[in-house]
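Novice: My questions will all concern the structure given below.
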Amino acid sequence: MSARRNAARIEDIRAQFLTAAEPGRAVPAELLDSWLRSKQALGAPANVRAVPQVDEDLLDNHLLEMFQAPMARVAEDLGDSGMGLLLADAQGRILQRWSHDASAMNQLDRLGTVRGAVLAEDTVGTNGVGTVIASGKSIQISGAEHFADLYRTALCTGAPVWHPISGKLLAVVTVSTAISERSGLLLPLTNSVAAQLEQHVLDVAQPAARAMLAAFLDASARHTGPVVALGPDGLTMRSRRAGELTQTDVDVINHLCTGVRRDTRVTAELSVGPTMIDVSALDGGAGVVAALRPAPRVTVSGAALSNGLVGQSKSWRAVAHHVSRQIAARRAVLVAGETGTGKTSVALGRPFVAGARFDGATILHAAERQTAGEQAWLQRLGDAVRAAESSGTVVIRGAEHLDGQAVAAVRALVDTHQGQLPIVLTMTAASPGDAETAAARLGVPAVWVPPLRERVSDIGVLWNAFVAQRLPGLRLVLSDGARQALEAASWPANLTELRGAVDSVAASGTRGTVDVDDLPDSLRSRRAWSMIERTEMEAIRRALQEADGNRSRAAALLGVSRATIHRKMKTYHISG
């Protein structure tokens, strides 16, 4: 049955219901119950002429600011999909709406779905906010399924957000859009967003996170500009005024604040312009709170961004933490990974630049054995170890070039100086298994540095760091589309290739915002799947599995046409 015929059928059933005729079982029981509640509260649909609103001071800004960061991330993923994202409180009052699509925002305006609008069932009838509250379940309301006539062109998909500890209804998240064939795929998307918000609440419930939340709310109340809080395990909060920040902006702020142990002030070039950031460090490692205000001019230097390792992905941080612990214990370790992954930077605890001097570290390259000779190179290694015995680190790059006598000599040095001198070896390897084999020969533990394609969440902050290091004072800010294209690339040369992309864009004369078309040709054709696309793929795979591969049955399960399933499977390269 086509969407148009289905809408006409619902329209007829609704008309029967409103004229007191028996709709029978042709309409879902939950929808019929909602119509009954709406009719009892409001009478006829024509009685709903406008959406009521409450004053700003009645809205729960505490709840909004707790959920601002994850909701903003989802809105960025939705991009220009034609969808509006809504957050309502447990009374059905709209706390905020998000969308990067002008048509979606215009539709919300026409429907009266603005901040402060009250979408409870007893005020506007069946809808994707109030009916979720009344039923306590996720639901999708399409076109004529709404009680009020003013929602006849809308498709609303809502899901409840429950407190993961108390079980209390906290909020409702709703995706609002025009009616389309993709409607059957919106329910898993909305449920996924609600689950993310519930996990966010669980993260905030941790002791350190509670301290961060209290400091964040206090700063948001006192500060007139945007406020961002960064806590343990990647927990992030953004104030309502921070809604204009992109995820790349937050990545930059996160990097600048990493390792801060006392109150300080830094500057950054963000998408909103030159920005002064007042950073307050919280006690007990509970994180930092960053209050933002416009800066008169750009003062970010390469040194400001390169003070420490760049990246916040869990895998990258785990590697850096492991290696730093080995160094602190003055023990040897092998840092291995694909070419260009930043192995020497991990060994040094700061970005490596070839030819530069690094205080407290002596660096040798095993490949120099081929030109200097075996004995001469081993003599240099012995001299370096003796010079570093009192303090410092010896870094041996290119351990894959070690063999025979050199392997034995390095192992002897490791055994002799274990617990006295940190010796860090780096190795280019094809796999963690190859690294483990080499580490066993050398008698040291191995740490595998993840390739860039496995830490794509770091690409935005890495881009900004490379721009600041190589092109101080130049503004090259990735658009969301450009960042997604970079995140989709395979990066065979890893960080080396990303640095090359920065240089290429700068050499082309691009300034300001970097769009997809500004990237090198090899990166333009690739893009990352958005959140809704990833959700669509998962929903289609599950439907096909449930339907034993039958596309018609899978389409029926999702409420879309067989042609849509076929087209989506082709787009997403899904077999079956």
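Laboratory data are not the source of any read-out in this text; all were calculated from the coordinates shown. All figures in this text were calculated on a predicted structure; none of them were measured in a lab. Every residue, glycine as well, gets a Cβ built from its backbone with ideal geometry; the counts of neighbours run over all protein chains shown.
Novice: How large are Rg and Dmax for the stretch 364-415 when only the alpha carbon atoms are used, in Å?
Specialist: Rg, Dmax (Cα atoms, Å): 10.5, 30.
Novice: Determine the percent antiparallel among the DSSP beta bridges restricted to the chain, to the nearest 5.
Specialist: Just about 70 percent of them are antiparallel.
Novice: How far is helix 29-42 tilted off the main Cα axis of the chain, in degrees rounded to 10, range 0 to 90?
Specialist: 60 degrees
Novice: Would you please calculate the Kirkwood hydrodynamic radius of the stretch 128-179 over all C-alpha pairs and express it in Å, rounded to one decimal?
Specialist: 11.3 Å
Novice: Hey, another quick one. If I take every Cα pair under 8 Å that is 6 or more residues apart in the chain, average their sequence separation and divide by the length, what percent do I get for the relative contact order?
Specialist: 11 percent
Novice: Could you give the longest part of the chain that holds none of the trypsin sites (Lys or Arg not before Pro) found in DSSP loops with at most 10 neighbouring Cβ atoms within 10 Å?
Specialist: Counting only loop sites that pass the neighbour cut-off, the longest clear stretch is 358-576.
Novice: With θ taken as phi - 60° and the coefficients 6.51, -1.76 and 1.60, list the Karplus ³J(HN,Hα) couplings across the stretch 282-289 in order, rounded to whole Hz; mark glycine and proline as x.
Specialist: 8, 5, x, x, 7, x, 9, 10
Novice: Given axes a ≥ b ≥ c from the Cα gyration tensor, I'd like to know whether the stretch 314-449 is rounded (a/c under 1.5), prolate (a/b larger than b/c) or oblate.
Specialist: Cα axes put the stretch 314-449 in the rounded bin.
Novice: Calculate the dipole size of the chain relative to its Cα centre from +1 charges on Lys and Arg beta carbons and -1 charges on Asp and Glu beta carbons; express the result in debye to the nearest 20.
Specialist: 340 debye
Novice: Normalising by the residue count of the stretch 313-421, find the relative contact order in percent from Cα pairs under 8 Å and 6+ residues apart.
Specialist: Relative contact order, the stretch 313-421: 32 percent.
Novice: Order of Val477, Val289, Val456 from fewest to most other C-beta atoms within 10 Å?
Specialist: Listed from fewest to most nearby Cβ atoms, that is Val456, Val477, Val289.
Novice: Starting from the Cα of Ala412, step 7 Å along the direction of its Cβ; do the same at Arg261; then give the gap between the two resulting points in nm.
Specialist: Output for this residue pair reads 4.0 nm.
Novice: Between Glu374 and Ala50, what's the calculated FRET efficiency when r is the beta-carbon distance and R0 is 56 Å? Round to 0.05.
Specialist: So, using R0 = 56 Å, E works out to roughly 0.05.
Novice: Return the Cα extents of the stretch 207-300 along principal axes one, two and three, sorted largest first, each rounded to a whole Å.
Specialist: 37, 25, 22
Novice: Please arrange Ile459, Ile133 by counting, for each residue, the other beta carbons lying within 10 Å of its beta carbon, fewest first.
Specialist: Ascending number of Cβ neighbours within 10 Å: Ile133, Ile459.
Novice: Can I ask one more? Modelled label-to-label distance, His401 and Leu58, 7 Å Cα→beta-carbon offset: nm?
Specialist: 7.4 nm
Novice: HN-Hα J couplings of the stretch 90-97 from phi, Karplus 6.51/-1.76/1.60, θ = phi - 60°, integer Hz, Gly and Pro as x?
Specialist: Residue by residue, the stretch 90-97 yields 6, 9, x, 8, 6, 8, 6, 9 Hz.
Novice: Sticking with this structure for a sec: Using only the alpha-carbon atoms, how far is helix 432-442 inclined from the longest principal axis of the chain? Give it as 0 to 90 degrees, nearest 10.
Specialist: Taking the Cα atoms of the chain, the angle to 432-442 is about 20 degrees.
Novice: Right, something else. Over all alpha-carbon pairs of the stretch 36-110, lay out the pair-distance distribution in 5 Å bins, whole %, shortest bin first.
Specialist: With a bin width of 5 Å, the distribution comes to 3, 14, 18, 18, 19, 15, 9, 5.
Novice: Full extension from Ile165 to His321: what is 0.36 nm times the residue separation minus their Cα-Cα distance, to one decimal in nm?
Specialist: Contour length minus the Cα-Cα distance gives 53.0 nm.
Novice: Dividing the Cα radius of gyration by the Kirkwood radius, what Rg/Rh value follows for the stretch 3-204?
Specialist: 0.96
Novice: Using the alpha carbons of the chain, what is the convex hull volume per residue in cubic angstrom, as a whole number?
Specialist: Cα convex hull per residue, to the nearest whole number: 177 Å³.
Novice: Taking the Cα atoms only, what angle lies between the long axis of helix 562-572 and the longest principal axis of the chain, rounded to 10 degrees?
Specialist: 20 degrees
Novice: Check which residues have an amide H placed less than 5 Å from Thr426's amide H, if you skip close sequence neighbours.
Specialist: Result for Thr426 returns Val335, Ile396, Arg397, Gly398, Ala399.
Novice: For Ala332, what residues show an amide H to amide H distance below 5 Å, using hydrogens built from the backbone and excluding near sequence neighbours?
Specialist: Gly419, Ile423
Novice: Each residue of the stretch 490-507 in order: what ³J(HN,Hα) in whole Hz does its phi give by Karplus 6.51 cos²θ - 1.76 cosθ + 1.60, θ = phi - 60°, with x for Gly and Pro?
Specialist: 8, 6, x, 9, 6, 5, 4, 5, 5, 4, x, 5, 4, 4, 5, 5, 5, 5
Novice: Can you bin the stretch 420-576 into rounded, prolate or oblate? Criterion: square roots of the alpha carbon gyration tensor eigenvalues sorted a ≥ b ≥ c, rounded for a/c under 1.5, prolate for a/b above b/c, oblate for the rest.
Specialist: oblate
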